[in-house]
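Written out below as structure tokens is the structure these notes cover.
The values are calculated or read from the model by the stated rules, or taken from the named source; none is laboratory data. Predicted model only: the values in this text are computed from it and were never measured. Positions of Cβ are generated from backbone atoms using ideal geometry, with glycine treated the same way; all protein chains shown enter the neighbour counts. Quick note on the areas: whole protein, heavy atoms, side chains included, nothing else; ligands and nucleic acids left out. Shrake-Rupley method; radii C 1.70, N 1.55, O 1.52, S 1.80 Å.
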Amino acid sequence: MYIYSRYRNPTVVAAEEAIMAVEGSEWALLAQSGMAAIDIALSIFQEAGRQSNWLFFSEIYGGTLSYISSVLQKRRGMEVSFFRPTDRNYDYTHLESVITESRPDILYFETISNPLLMVAEGRRIIDMAKKRGCRVIVDNTFATPLLWKPLDDGADLVIHSATKYLSGHGNLTAGVICGNDNKLMQSAVEYRKFVGHMLSPDDAYRLQTQISSFELRFRQQCDNASYVAAVLSKSEHVAQVLYPGLDTHATHIAALELTGGRGYGAMVTFDLTGSTPETKRRRRDKFIEAVRPEIKLIPSLGDNHTILMPVEAVWGAKYPEPGMIRLSLGYEERAVIESVIRRGLES
Ligand code: PLP
């Protein structure tokens with residue numbers, strides 16, 4: 001029944017059905033942004049007066065980390081803990097002991113981390129959590145349902161920033177929560193309605209149109225990323241390339257097992273050479289200048305065009321390689337991207 005657009009809207013429902021088809025989920029609920037989807041997914045597990053114990057992977061989107069500190073901890077007084085990687089990979093023996101000892105009721109992780117592109121052993125994590133009665137929420141924005149469908153392996157909820165690959169054109173902001181459990185859906189519908197996190201029908205219409213080309217686009221973007229990662233690895237101007245499809249990446253095997261080789265995502269992070277931090281910064285800035293206008297510095301990802309971000313400017317000293325650049329591959333002709341990247345490297 002359609003009573004009022006903030007509760008339920010037929011255009012939004014049509015877009016949700018399109019997402020259910022790609023995600024293979026029983027239900028999908030759209031929100032105005034990825035962050036709104038995250039707020040819904042987490043808030044439905046909050047109950048007044050109940051002591052909760054939520055465990056988050058530390059390698060998650062910066063906006064989610066800010067939400068945790070400024071909303072969950074500061075305003076809602078929640079206690080949360082973080083699981084941190086060791087040497088740019090996850091130590092699952094350690095994770096198992098953390099889960100066994102601290103008995104979290106929610107575990108939250110991202111399938112592919114940002115910007116180091118560490119691929120989590122999703123099935124193993126879900127098994128560990130489920131054995132101890134812990135709910136699992138996966139932010140699958142970077143992997144998309146084309147690489148992995150966490151609900152098929154027992155996750156309780158999957159979140160996407162639909163601003164990224166699902167819509168894929170950098171022209172709208174949206175988020176979605178997918179699940180199979182009807183009770184969770186009812187809680188999420190109620191929360192979305194009362195806080196007003198509903199997506200607008202205009203955005204839903206565009207999202208639905210654009211999602212019809214999602215698989216085609218994302219496949220091409222993954223192929224382009226793989227190709228560009230290989231080009232970069234052969235360059236004398238590049239110190240290291242982080243791409244889960246390369247066997248040099250610490251989580252290459254985890255990626256292969258999780259996705260069955262369907263792809264490794266469309267993000268590539270690389271580090272330019274230089275004898276000092278200053279020369280690295282200069283090389284990075286020259287690269288960014290030289291690849292314009294085809295590749296622009298845009299603080300997003302998953303657009304149709306290839307875009308980039310300098311890692312130091314966003315994450316600061318967390319990753320101490322000042323020459324590091326994160327590329328989000330678009331679906332342009334491979335030869336075009338290659339020539340622009342080579343122009344940047346030679347600059
Ligand atoms: N999750 C991930 C992995 C993201 O990268 C982002 C944004 O970059 C979000 C969630 C938040 O999405 P939105 O910007 O649509 O609110």
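From helices alone, the chain scores -12000 deg cm²/dmol at 222 nm; the rule is -39500 (n - 2.57) for each run of n ≥ 4 DSSP H residues, then divide by the residue total. In the chain, excluding the sites themselves, the longest stretch lacking any of the chymotrypsin sites (Phe, Trp or Tyr not before Pro) that are in a DSSP loop with at most 11 other Cβ atoms within 10 Å is 5-347.
If you plug the beta carbon distance of residue 20 and residue 181 into 1/(1 + (r/R0)^6) with R0 = 22 Å, you get a FRET efficiency near 0.95.
Scan the chain and report its longest stretch carrying no GluC sites (Glu not before Pro) that are both in a DSSP loop and have at most 12 other Cβ atoms within 10 Å. Numbers along the way, then the final one.
Numbers: sites that count: 47, 79, 236, 333.
Longest site-free region, per DSSP loop and neighbour criteria: 80-235.
The radius of gyration of the Cα set in segment 252-347, together with its Dmax, comes out at 14.2, 41 angstrom. Distance from the C-alpha centroid of segment 86-153 to that of segment 192-233: 22 Å, rounded to the whole angstrom. Return the FRET efficiency for the residue pair residue 334, residue 69: r is the Cβ-Cβ distance, R0 is 35 Å, and the value is rounded to the nearest 0.05. The value I calculate is 0.30. Solvent-accessible area of the chain (1.4 angstrom probe, protein heavy atoms only): carbon and sulfur portion equals 50 percent. With bins 10 Å wide beginning at 0, the percent of Cα pairs of segment 228-298 falling in each bin runs 19, 41, 29, 11, 0.
Please report the projected area of the chain's Cα convex hull averaged over all directions, in nm². Don't skip to the answer; put the middle values down first.
Numbers: hull surface 68.3 nm².
Convex hull of Cα atoms, orientation-averaged projection: 17.1 nm².
Between the beta carbons of residue 123 and residue 5, assuming R0 = 35 Å, the FRET efficiency works out to 0.35 to the nearest 0.05. Normalised by residue count, segment 10-211 yields a Cα convex hull volume of 114 Å³ per residue.
Enter the accessible area per residue of the chain (Å², integer; probe 1.4 Å; all protein chains in place). Write out the running numbers ahead of the final one.
Values: 14680 Å² over 347 residues.
Heavy-atom SASA per residue in the chain reads 42 Å².
By the rule of a C-alpha distance below 18 Å, with chain neighbours fewer than 8 residues away ignored, the lysines paired with residue 318 are 280.
Lys and Arg at +1, Asp and Glu at -1: add these up for the other residues within a Cβ distance under 10 Å of residue 133 and post the number.
Details: positive: 103, 130, 131, 132, 135; negative: 105.
With Lys, Arg at +1 and Asp, Glu at -1, the neighbours total +4.
Shape analysis of segment 48-119 places it in the oblate category; the axes a ≥ b ≥ c from the Cα gyration tensor give an a/c of at least 1.5, with a/b not above b/c.
Please state the shape class of segment 125-226: rounded when a/c is under 1.5, otherwise prolate if a/b exceeds b/c and oblate if not, all from the C-alpha gyration tensor.
Working: a/c = 2.75, a/b = 1.18, b/c = 2.33.
Oblate, since a/c reaches 1.5 and b/c is not below a/b.
Does segment 283-333 classify as rounded, prolate or oblate by the C-alpha gyration tensor (a ≥ b ≥ c root eigenvalues; a/c under 1.5 gives rounded; else a/b over b/c gives prolate, otherwise oblate)?
Details: a/c = 2.67, a/b = 1.57, b/c = 1.70.
Here segment 283-333 falls in the oblate category.
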